[in-house]
Amino acid sequence: MNFIDLLKRIPEICKTPETLPLEGKKLILDFVTWLGSLVGIAVPPWVLTLVNILVVIVAIIAVFLIMFALMSVWERKILARAQNRYGPNRVGPWGLFQPVADGIKMLTKEDIVPRNADKVVHFIAPIVMLVPALILPVLLPYGRGMVAIDLSVGILFFFAVGAGSEVAIFLAGWSSRNKYSILGAMRAIAQMISYELPLVMSAVIVALVAGTLSPTGIVEAQGGYQFGFFPNWFVFTPWGFVACVLFYFSALAESNRSPFDLPEGESELVAGHLTEYSGFKYALFFMAEYVGMFAINGLLVTLFLGGYQAPLPFLTFIPSWCWFFIKLAFLAFSLVWVRATMPRFRIDQMMQFAWKFMLPMSFAALFSAAAWHYAGRGLLGWGISAVLVAIPYFALGYFCFTRHHSADNRRYLFSE
Amino acid sequence: MTEADGAGAQTLDVSLGPQHPSTHGVFRMNVRMDGETVVKLQPVFGYLHRNHEKLAEGKSWLGSMPFTDRLDYICPITNNWGYALAVEKLAGIEVPDRAEYIRVIVGEMTRIQNHTAFLGFILGDMGAWGSALMYAFREREKILDLFEGLTGARMMANYMRFGGVRCDLPAGWLEKARAYIETYPAFLDEMEKFLTGNEILLSRLQGVGVMSAERAINGGLSGPVLRASGVDYDIRKVDGYGVYPRLKFRVPRGTVGDCFDRFMLRILEIRESIQILQQAFAQIPQGPILNPAVKTRGFKPPVGEAYGRIEGPKGELGFHLVSDGGEKPYRYHIRPPSLINLTLLEEMCVGTKIADVMVILGSIDIVLGEVDR
């Protein structure tokens, strides 16, 4: 093997975009082997394994941090457009280098620790927040055969690790010794624990139908097309649609996004648990929130939107990993859209929504999915499961959530 | 940090403000909370006290006209009007017809822009990230542009004079204003459709901060906050100052008295203001804009006292003036609607959640420049 051969492989790899990332990884490993042969030693296998792991870690962290940087400017742009403004457009073309400027600003800002703060906890809270967020993307399949760790209990592991962010938010709120912080942390705990239930329940439904807890297995279960054109994604079944909507709302609440941004609640709690953070610690929180948001929406894509599967058969020429990121970008856009549109819930309304509506609905979707499975997954099952989710939906709407809030039931008198 | 209540419950005292994103200025509330529920609320104001009333006693009568701009800086022109009206009452000055119509036009436009800004502010208090605010301010800006064309200043207009107004309408201004007011209802319809159709907004506003008509009267509330509680009291109708008796308009009032009624009343009042403006545009006569009998220099009203009040966008704006016959007011007192409307804040807030406090405060529509003076 010589270096010229390695170089020659690059154009070959680029010809097949579908497997480009995997072949690229192999190329790097071969390059390491070649380096070894250059100094006249056979590279031991553990070094290759180590390089293999490092390449994956670097790739995932790089991709997600670049996405975070782009998202931070993209979000501000979309939000600005929704609000009749221009948004950042000074730094670089179309304001694309805004994240760089933000990063420099964050790094050079003074790192303020309140005098009464619990300094150790105050210091570790952003780290505790970021580490689980960076572990989560490892579990997601980005394309065919492109998963860093193909855990057979991937979904379970995802939720177990993801719950760590709740601890971090409470650590931040508690250690700051600020009343806004502690209120924000209390809200965060209440909110995240409440929304964890419908979140996990809707994932359980998919695991039940797919018969596996492995994200790759779940994506594979959604492969193929009904009638030759209709994708077999779970979102296109009645129970799957309900579960997907529940998962979407829960994901909004889990990542503290508007209208569930109560823990930060700018107009009430100033900045909630982030009030006493400045400089790079604040940036770490921000980063963790965004990476966690990508991860949980990546899980939504995996569970309901067919992961890396193309939506129509003739679109399969676009590489599978592109499809994953296209779907993720679409979801990210929808999050910003919701944020630009909705006022915030009040805490009691938010809790009611979780416990009185979303949790019962997720149970209903579970039964509906079971019925769909045992009725043969055909049109009959489709009908039965549609009825099984429609009845609880309307019953809950009728008994618990009658639309008693309406602008039409108000009377206004006029005097001449 | 926490202290045990009589019932053994753990409560938390939080000082909201004076630096807080949604207290509409440097306003502070000492809130005692049981969890998220407010058990006690004490408004603290005075951080923006500028000695307005005392300063006015050291100035000539006309000299405090520019200061009144700074009272409620969202709507300076109505402040001018309230002061001019009080002095005119004190000195018995007649105002020419054209000036009265101009006053009505700029006054109602001020009301429209104040209520438009209110629609944006209250959405901001609910955590809508300024989306509604930006659109509201876009429309408000157009009215401010008209003010700039008329008075030379977007906000600090200093427009009224005793016995009239400072300058006549520039050529073409009336047509521009009329053309703009014609486009305004389309914006308001769109805004109302989006806002009152939003389930979260309805659930955040309806049934929150209810104020009974009786308590509202006893507390001395005025303006949209009073009318939302179902009291039919509008000084434009009661006093009939200016040329309001010649104009046909209705006074809306609510039936429940919660934040949603206060919110809707603003929208309904804008619609009535548009009616008034259209009539005023049609009726405005030619003629002088200033009573020539009034001296600008060395203006000395006779000995006596007078209370002049107008229906400002936020409520009853009154000026109580005492003259000793000199060049300066002997006593100069303001009845600011924002301050009086704030006095019942605790009553509305106790028992609600901390998030509701911001919405209730927003629904009262205060400006701290007027509260603290």
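The values are calculated or read from the model by the stated rules, or taken from the named source; none is laboratory data. Predicted model only: the values in this text are computed from it and were never measured. Neighbour counts run over all protein chains shown; Cβ positions are idealised from the backbone, glycine included. What goes into the accessible areas is simple: the full protein's heavy atoms, side chains included, and nothing from ligands, DNA or RNA. Shrake-Rupley method; radii C 1.70, N 1.55, O 1.52, S 1.80 Å.
Odds and ends about this structure:
- Accessible area of B:GLU272 (1.4 Å probe, protein heavy atoms only, ligands and nucleic acids ignored): about 10 Å².
- Loss of accessible area when B meets A, both sides summed, Å² nearest 100, probe 1.4 Å: 4400
- Value at 222 nm in deg cm²/dmol, rounded to 500, when DSSP H runs of n ≥ 4 in the protein assembly as shown each add -39,500 (n - 2.57): -18000 deg cm²/dmol
- Taking 0.36 nm per residue of separation and subtracting the Cα-Cα distance, full extension of the segment from B:ARG215 to B:ASP34 would add 62.6 nm.
- Candidate aspartates and glutamates for bridging to A:LYS26, where Cα separation is under 20 Å - those fewer than 8 sequence places away on the same chain excluded: A:ASP5, A:GLU12, A:GLU18, A:ASP150
- A Förster radius of 45 Å combined with the Cβ-Cβ distance from A:ASP118 to B:MET156 puts the calculated FRET efficiency at roughly 0.40.
- Rg [Å, one decimal], Dmax [Å, integer] - region A:112-225, C-alpha atoms: 17.8, 61
- Difference of contour (0.36 nm per residue) and Cα-Cα distance, B:THR343 to B:GLN286: 16.1 nm
- Note on chain B: semi-axes of the ellipsoid equivalent to its C-alpha gyration tensor, largest first and rounded to whole Å, are 36, 25, 17.
- When the alpha carbon coordinates of the protein assembly as shown are projected onto the principal axes, the ranges are 108, 62, 61 Å, largest first.
- Distance between the pseudo-spin-label points of B:ARG178 and B:GLN278 (7 Å out from Cα toward the beta carbon): 1.3 nm.
- Charge dipole (debye, nearest 20) of chain B; +1 at Cβ of Lys and Arg, -1 at Cβ of Asp and Glu: 1080
- Over region A:3-95, relative contact order from alpha-carbon pairs under 8 Å, at least 6 apart, %: 15
- Accessible carbon and sulfur surface of the protein assembly as shown relative to its total accessible area, %, 1.4 Å: 65
- Using only alpha carbons, region A:3-95 has a radius of gyration to Kirkwood radius ratio (Rg to Rh) of 1.22.
- Treating r as the C-beta distance of A:ILE53 and A:PHE333 and R0 as 45 Å, the FRET efficiency rounds to 0.85.
- Counting only protein heavy atoms and a 1.4 Å probe, the protein assembly as shown has 41 square angstrom of accessible area per residue.
- The residue among B:VAL31, A:LEU379, B:LEU146 whose Cα reaches farthest toward the positive pole of the charge dipole of the protein assembly as shown, with charges on the beta-carbon of Lys, Arg, Asp and Glu, is B:LEU146.
- For the set B:CYS75, B:CYS167, the ranking by accessible area, highest first and with no ligand, DNA or RNA atoms included, is B:CYS167, B:CYS75 under a 1.4 Å probe.
- Exposure rank, largest accessible area first [B:THR68, B:THR352, B:THR183; 1.4 Å]: B:THR183, B:THR352, B:THR68
- Remark: spin-label model distance B:LYS248-B:MET134 equals 4.1 nm, labels positioned 7 Å along the Cα→Cβ axis.
- Interface residues, region B:251-266 - accessible area loss of 50 Å² or more versus chain alone, probe 1.4 Å: B:ARG253, B:THR255
- Helix B:259-283 axis versus longest C-alpha principal axis of chain B: approximately 10°, rounded to the nearest ten.
- Short to long, the 5 Å bins of the Cα pair-distance histogram for region A:111-399 hold 1, 6, 12, 16, 17, 16, 13, 9, 6, 3, 2, 1, 0, 0 percent of all pairs.
- GNM on chain A, alpha-carbon springs under 10 angstrom: the most fluctuating residue among A:PHE286, A:PHE345, A:PHE394 is A:PHE394.
- Projected-area average for region B:1-94 over all orientations - Cα convex hull basis, square nanometres: 9.3
- With R₀ set to 30 Å, the beta-carbon distance separating A:MET351 from A:CYS322 gives a calculated FRET efficiency near 0.15.
- With DNA, RNA and ligands ignored, accessible area of B:ARG28 (1.4 Å probe; Å², nearest 10): 60
- Solvent-accessible surface (1.4 angstrom probe) belonging to B:TRP173, in square angstrom, nearest 10: 10
- Accessible heavy-atom area order of A:THR316, A:THR275, highest first, probe of 1.4 Å: A:THR316, A:THR275
- Using a cut-off of 18 Å between Cα atoms, the listed pairs B:LYS142/B:LYS176; B:LYS40/B:LYS353; B:LYS89/B:LYS295; A:LYS105/A:LYS281; B:LYS300/B:LYS328; A:LYS15/A:LYS327 include A:LYS15/A:LYS327 as exceeding that distance.
- Within the shell defined by Cβ-Cβ distances under 11 Å, the residues around A:PRO259 carry a net charge of +3, with Lys and Arg each +1 and Asp and Glu each -1.
- Once both labels are positioned 7 Å from their Cα atoms along Cα-to-Cβ, the gap between A:ILE13 and B:ALA186 label points is 5.7 nm.
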